[in-house]
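Take a look at the structure set out below.
Values quoted throughout were computed directly from the atomic coordinates according to the rules given, and no laboratory measurement underlies them. Note that the structure is a prediction, hence the values are computed from the model and not measured. Every residue, glycine among them, receives a Cβ derived from its backbone with ideal geometry; neighbour counts consider all protein chains shown.
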Amino acid sequence: MERKDGRACDMPREHNITVDFVKTAAGSCLIETGGTRVICTASVEEGVPPFLKGKNCGWLTAEYAMLPASTGRRKQRDGIKKDGRGVEISRLIGRALRQAVDRERLGERTITIDCDVLEADGGTRTAAITGGFVALVCAIDRLICEGKLKESPIVHQIAAVSAGVVQGTPCLDLCYTEDSSADTDMNFVMNELGEFIELQGTGEGAAFSREKLNTLIDLGEKGCQSLMQTQREALGDRAKWIAQKQKLVLASNNAHKISELKTMLGGKYDVISMRDAGFEEEIDETGETFEENAAIKAETVMKATGYMALADDSGLSVDALGGAPGVRSARYAGDQHCDADNNALLVANMKDIPEAERTAKFVSCIAIASPFKPTQVVRGECPGVITFAPRGGGGFGYDPYFEYENGETFAEMGQEMKNRISHRARAMEKAIQLL
């Protein structure tokens, strides 16, 4: 089939995005796709709709309209009773772009994406989504520059394109003439991972086969990838806010602990120590439980740095000693004492305890403090017994005296094994679910 504009069936229309098109908006662009031109603006307001108040998350909504002269025949302006098609497309744009944002990290504010069609030559809704995403990123950039956000809440890049079957041939990015006579009309909304956010497809003129559907899906994916490249080029340096890895500050300068936690977390977060985040102060651990101390540390670091913080408070709890050393595990022999002094005091206090009564457990409580929601705390425990003599040259703290159920002390087992079964590993498994 020969297309009206001479394009190949798998070729999108020429598209161009001009950012900052409306200077008074928090974010804006003009998107041009063939003969279709849409102004997209993003406006930011503090606060959220009533149904979200107190839920520690933001909101994104959208409005779509065609200006009176956007088509060959003048279109009436929307009045009190809005145009049904415009309402349906507004909801589509909002649904699509909400997938781009981690609304918890947005905070309790509302972003409204307004999409006004200047000229319509097919694909106005998909152009509005693609341009609306660019306006959204520009608005987030402004919030960060103004210090209202510390990090970008943009977790996915979103673009949309149409495809259809015209005269029996699957084609990408239909213009109005093609769209109005297509047997099948489809719209694809996708993210940068190639995942579908929304598919709209109708056999308006004729039913379509699975084979044609597969071809249309391939065309839609190709079109969205092309548009995403255009989005990034238009955004320039601001594209860095797309899927920015979130910082997670570990409320510790203990090298062993930081190493363990980094390994457990993998590459999901940009993990840094509190010193790397610029926090050098001593934190008074005044809590009476591991949970309280973990929360104190995490919240102190979060408030000082503005980033999400994770704190671990852990220690040894010996049944025969009434739970001691407990929260004073690191300071068991006094504030100025070392691991050797703590172990010596433990051995002295356990010298008359028979083997059958030497049960103990390592406890780890992990707190996650976020600028946008209440602090969450999880607990992990690893059971064992206290040995009569130290064994092993690895680990730190009480590891040489703590024997796990496999017969090895923490100081004897390899780091990989310890990271799988330790109290901290068990707490981290729960914490990762929260993250």
Give me the distance in nm between label points sitting 7 Å out from Cα along the Cα-to-Cβ direction at residue 281 and residue 16, one decimal.
5.4
Expressed as a whole number of Å, what is the distance separating the alpha-carbon centroids of the stretch 1-66 and the stretch 79-129?
7
Please compute the modelled spin-label separation between residue 202 and residue 55, points set 7 Å along Cα→Cβ, answer in nm with one decimal.
3.0
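Which value, in debye to the nearest 20, gives the size of the charge dipole of the chain about its Cα centre, when Lys and Arg are +1 and Asp and Glu are -1 at the Cβ?
Values: 52 positive and 65 negative charges, 251 e Å.
Roughly 1200 debye for the chain.
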Report, in whole Å, the centroid distance computed from the Cα atoms of the stretch 134-196 and the stretch 221-274.
23
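For each of 359, 41, count neighbouring Cβ atoms within 10 Å of the residue's Cβ, then give the residues from fewest to most.
On the way: 359 14, 41 23.
Lowest to highest Cβ neighbour count: 359, 41.
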By how many degrees, 0 to 90 and rounded to 10, does the Cα axis of helix 290-305 deviate from the longest principal axis of the chain?
50
Principal axis extents for the chain, Cα atoms only, whole Å, descending order, please.
96, 46, 35
Extension gain (nm, one decimal) between residue 209 and residue 76, 0.36 nm per residue minus Cα-Cα
44.0 nm
Mind pulling the angle between the C-alpha long axis of helix 124-145 and the longest principal axis of the chain? Nearest 10 degrees, somewhere in 0 to 90.
40
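Grab the other residues whose beta carbon is less than 13 angstrom from that of residue 305, score K and R as +1, D and E as -1, and report the net. Each step should come with its number before you reach the end.
Working: positive: 150, 247, 275, 297, 303; negative: 151, 270, 276, 280, 281, 299.
Taking every Cβ under 13 Å from that of residue 305, the sum is -1.
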How long is the stretch 1-160 along each principal axis, judged by its Cα atoms, biggest number first, in Å?
54, 36, 28
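Kindly identify the stretch 247-434 as rounded, prolate or oblate by the Cα gyration tensor criterion: order the square roots of the eigenvalues as a ≥ b ≥ c, call it rounded if a/c is under 1.5, otherwise compare a/b with b/c, prolate if a/b is larger, else oblate. If you can, show how the numbers build up before the last one.
Values: a/c = 2.01, a/b = 1.66, b/c = 1.21.
Here the stretch 247-434 falls in the prolate category.
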Most exposed to least, judged by fewest other Cβ atoms within 10 Å, 37, 98, 331, 85 sort to 85, 331, 98, 37
Please rank 121, 20, 116, 284, fewest neighbouring Cβ atoms within 10 Å first, as an exposure proxy.
284, 20, 116, 121
Classify the stretch 328-393: rounded, prolate or oblate, from the alpha-carbon gyration tensor (a ≥ b ≥ c, eigenvalue square roots; a/c under 1.5 rounded; otherwise prolate if a/b is larger than b/c)?
prolate
What is the helix-to-structure angle for 339-349, meaning the angle in degrees between its Cα long axis and the longest Cα principal axis of the chain, kept from 0 to 90 and rounded to the nearest 10?
50
For the pair residue 337 and residue 95, what calculated FRET efficiency results from E = 1/(1 + (r/R0)^6), where r is the Cβ-Cβ distance and R0 = 45 Å, to the nearest 0.05?
0.15
Given the DSSP H assignment, sum -39500 (n - 2.57) over each helix run of at least 4 residues in the chain and divide by its residue total; what's the result at 222 nm in deg cm²/dmol, nearest 500?
-9500 deg cm²/dmol
